[in-house]
Amino acid sequence: MGIRVQNTLALVETVWEDLEHVAEGSVEERETTCSVDTKKLLRVLHFQAVEPVMIVLCVVESSCLIFQVEIGNEIGHLTYYVPLMTADAL
């Protein structure tokens, strides 16, 4: 999975490898693109500070990104919702 942040001044890309799909059964590989507010996404990515043991990302079509972050030693989980930007906001 990759995340790319791009504007007129810079382009930053991050790639995660060796990810697993958590759904049961056959899953076809797909590629999708969505736009989110950079500041909102950066706030969410600070979950790395809690040293998560598992992160689940879900893209809800035309709506939002959902990050579910499992914290170690059965402490609990955090859920973040990042709204997608509409064509008007781009």
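Just so you know, all these numbers are worked out from the coordinates, no wet-lab data involved. What you see is a predicted model; the values in this text were computed from it and never measured.
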Counting pairs of alpha carbon atoms under 8 Å apart in space and at least six apart in sequence, what relative contact order in percent does the chain give? 20
Additional length obtainable on full extension of the chain from CYS34 to PHE47, 0.36 nm per residue less Cα span: 2.6 nm
Using θ = phi - 60° and the Karplus curve 6.51 cos²θ - 1.76 cosθ + 1.60, what whole-Hz ³J(HN,Hα) does each residue of region 39-45 get, with Gly and Pro shown as x? 4, 5, 5, 4, 4, 5, 5
Taking placed amide H atoms and a strict 5 Å upper bound, the residues 5 or more places from ASP37 or on another chain that come that close are MET85
ILE75 to MET54: extension gain in nm, 0.36 nm per residue of separation minus the Cα-Cα distance? 6.3 nm
